[in-house]
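The values are calculated or read from the model by the stated rules, or taken from the named source; none is laboratory data. Note that the structure is a prediction, hence the values are computed from the model and not measured. We place every Cβ from the backbone using ideal geometry, glycine too, and count neighbours over all the protein chains shown.
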Amino acid sequence: MKTVVAACLLLLASQNALALQHHLLIVSGIGGTEAYRQQFTSQAETLMQAALDAGIARNNVLMLVAESDSANHRPADKQSLLQAVREIGTRAGIEDRVFVILIGHGNARGDSALFNLPGPDISADELGAALDLLGDRQLVVVNTASASGPFIKRLAAGNRIVITATASGQELHAPLFADFFVSAFATAGADRDKDERISMLEAFDFARLEVQRSYDSDKRLLTEHALLDDNGDGEGSLEPGEYEVDGKLADRVYLQQPRSAATGASSKLVAMLQRKQQLEQSIRDLKRQRGNMERSSYYDRLETLLIDLALLSREIRAGDS
């Protein structure tokens, strides 16, 4: 009986992992100058390659470029952007995860803001209305443009992670955030917990700290303050964290496509990876409860979880070699 139950659980785990797919939309907006055009296109292409390296299927990656000589990229005008969101909505499953990354310039409009495109720009309200059509799918939106702060308030919702390069529409200087955010997915130093994958929280923190270091090194006053919102209140946090108001969801969401039967992983490996995620989440939950537990009980439980995680990680490495 136990064997049958275990087999069923393995099959279910495999099916669940197979169902979850990542979809990525990258939009490289208008540069205005040749230097910015090259910079934005390079950042978009670097991010696209990082996504492919992370296991996202090529058919699940859409890249729109405002000013490109390549026939491989779609134009990044408002109509194409909205059409791309609709396309993702028609093919993404309800359990799938959608990433939308905007790279370029922006400007304020009253209490809101625009992302600059050839022809009509797209406003926070217009992008929000389009993304709302994706329903309850888990969504990650990153706007790396200047004056991007107002996008937080309009795009925030349950089961969403929204990141902006600035805290308001008044931070108008071209941010450094995009370059560091993109490079986080190819930089070992961004992987703080050494689990060989980069969470949205790790990428945000890496970029935020590198921006600060760059300004400090040049002895300049910081003119950009990135925000992250993942609790849906539309406020955003300058320093999110897994135990803070914002950051809990971002700490558990990765660009990397989960290992699954679709990527050639065995059902046993898929089940072990899911068990590893459960143990990691149990450790996070336990740490949040630390203040309400007896010291001895807390450390006993933590030791048990850490040992289980270490043994399981060793088994995963052995089976994956």
Query raised in the report: Which of the residues belonging to the stretch 210-237 are surrounded by fewer than 14 Cβ atoms within 10 Å (Cβ to Cβ) and either within 21 Å of Gly189 (Cα to Cα) or not assigned by TED's automatic domain parsing to the domain that holds Gly247 (or both)?
Result: Arg213, Asp216, Ser217
Query raised in the report: Which ones in the stretch 78-102 are acidic (Asp, Glu) and either over 24 Å from Gln49 (Cβ atoms) or surrounded by fewer than 17 Cβ atoms within 10 Å (Cβ to Cβ) (or both)?
Result: Glu87, Glu95
Query raised in the report: Being loosely packed, with under 15 Cβ neighbours inside 10 Å, part of a helix (DSSP H, G or I) and of a type in the set (Gly, Ala, Ser), is that true of even one residue in the stretch 39-47?
Result: yes
Query - Members of the stretch 93-141 that are basic (Lys, Arg) and under 26 Å from Asn59 (Cα atoms) - result: Arg97, Arg137
